[in-house]
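> Here it is, the structure, as structure tokens.
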Amino acid sequence: MSDQTVTPGATVTPETAVTPEAAEAPAPAAVPAVPAMPEVPPGTPEVPPGPDASPKPPRRVLRAVARWTAAALAFGVLGTGTAFGIASLERTDVPGLATEDDGRWDYPELSLPALPAGSPRPFSAGNPAEIHHADLRDLLLPAPAGAAPDKKLTGGWISTETFLDAYRQQDRASVAQLLRDAAPRHIAARGWTMPDGTTSRIYLVRFNSTAFASRLLDDLHVGASAGTPLDRTDTTELDGSWSSADNVENVSSFVFAEQAPFGAEHVRQAYTLAGDTVALIVHERAGKRETGRIPFQQTLILQNQLLA
């Protein structure tokens with residue numbers, strides 16, 4: 001989905017951002033090479049006909065067959081070469097697949113914040129507990145160009161009550177009890193509104209261990225369903241446009257979209273489990289138009305890269 005990745009200590013192409021105590025992101029896995037077309041074995045030498053063999057066809061028939069065989073092979077090789085060439089190009093290099101107008105948002109250049117001295121990355125061999133040692137606020141994705149910042153979700157710490165505002169009024173008491181049981185260490189959040197009216201909110205909740213983070217998602221019944229409903233949502237189901245190819249290594253995402261008929265706004269949401277941290281990403285837009293799929297998945301992937 002996103003062409004941008006986050007490299008420890010390096011500047012990244014626009015589509016994400018971070019701050020203080022951050023974790024490094026693993027280098028993207030190498031793309032396996034496309035196997036070459038097997039060479040066509042040379043023609044089998046003619047064997048003189050035996051005494052009972054049928055007569056050889058006229059030479060001009062054999063020449064015609066040879067020409068058609070060569071043509072078929074040429075088209076096959078050409079087709080394979082074309083497919084390989086397109087697969088190796090950036091989308092912007094392929095006519096009809098340019099990304100300039102596909103709805104992506106213009107995120108600032110991103111870099112991972114420095115870790116405290118001696119602290120390992122969250123998913124390195126020296127960190128079996130998968131703890132994020134970076135300041136949680138510095139792992140929040142920054143707002144893209146043109147966004148109006150949310151005055152309540154400014155990228156700093158928020159209270160449990162502010163986090164509970166993400167859920168329906170009738171469910172807040174039960175979610176509050178889950179949080180008391182799991183005892184999160186910190187909650188940070190950032191929000192913004194785009195010119196098209198799309199409102200974005202990202203919450204990062206860090207726990208004392210991966211077990212507590214995983215337990216929260218279980219208790220919210222997140223998995224095959226979106227679990228405890230968010231505020232202003234109706235029927236929310238798994239988003240079939242999200243595929244395993246969009247996943248970022250070391251994190252697990254559960255992606256959902258509100259289904260028609262929806263109410264006064266359309267909502268897309270996702271939970272990500274990243275070691276000791278749970279992320280909740282929400283995009284919503286008022287009216288009868290759906291919230292954009294591409295900017296939502298772009299936001300999710302970039303946030304996941306920061307956490308991974």
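> Largest first, how would TRP157, TRP105, TRP192 line up by accessible area (1.4 Å probe)? Each step should come with its number before you reach the end.
Working: TRP157 110, TRP105 30, TRP192 0 Å².
Solvent-accessible surface, decreasing: TRP157, TRP105, TRP192.
> Percent of accessible area on segment 265-308 owned by carbon and sulfur, 1.4 Å probe?
Working: 430 of 860 Å².
Solvent-exposed carbon and sulfur of segment 265-308 make up 50 percent of the total.
> I would also like to ask the following. What percentage of the solvent-accessible surface of segment 183-249, computed with a 1.4 Å probe over protein heavy atoms, is contributed by carbon and sulfur atoms? Don't jump to the answer; show the numbers that get you there.
On the way: 1410 of 2930 Å².
Of the solvent-accessible surface of segment 183-249, carbon and sulfur hold 48 percent.
The values are calculated or read from the model by the stated rules, or taken from the named source; none is laboratory data. Keep in mind that this is a model prediction, so the values were computed, not measured. Remember, those area values only see protein heavy atoms, side chains included, never the ligands or the DNA or RNA. Shrake-Rupley method; radii C 1.70, N 1.55, O 1.52, S 1.80 Å.
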